[in-house]
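Peer 1: One structure follows; several queries about it will come next.
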Amino acid sequence: WQSVLTTIVILALYQFVLFWCNGATGNDLGAKAYLAPLASDLLVWPLVLILLDAMRLGRPTAAQ
């Protein structure tokens, strides 16, 4: 779950930089344009992590 938290923090920082750049240039996209991608990533990323972990555990490695 540490990777999930790290990913969310990095994505939140990315959205903040986009918000700041758009504000500096006078483009107002609204809060939904910044919060919707972050919310969807918050919901999807743990599922992707579980899927990748299941794929990793299902395959034998060279050491086995």
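Peer 1: Quick one: which residue in Ala33, Ala24 is of a type in the set (Gly, Ala, Ser), part of a helix (DSSP H, G or I) and open to solvent by less than 50 Å² (accessible area, probe 1.4 Å)?
Peer 2: Going through Ala33, Ala24 in turn, just one is of a type in the set (Gly, Ala, Ser), part of a helix (DSSP H, G or I) and open to solvent by less than 50 Å² (accessible area, probe 1.4 Å): Ala33.
Peer 1: Continuing with the same structure: Going residue by residue through the range 37-53, is there one that turns out to be of a type outside the set (A, V, I, L, M) and not in a helix (DSSP H, G or I)?
Peer 2: no
The values are calculated or read from the model by the stated rules, or taken from the named source; none is laboratory data. Worth saying up front: this structure is predicted, and the values here are computed from it rather than measured. Just so you know, the surface numbers come from the protein's heavy atoms only, side chains and all, with ligands and any DNA or RNA stripped out. Shrake-Rupley method; radii C 1.70, N 1.55, O 1.52, S 1.80 Å.
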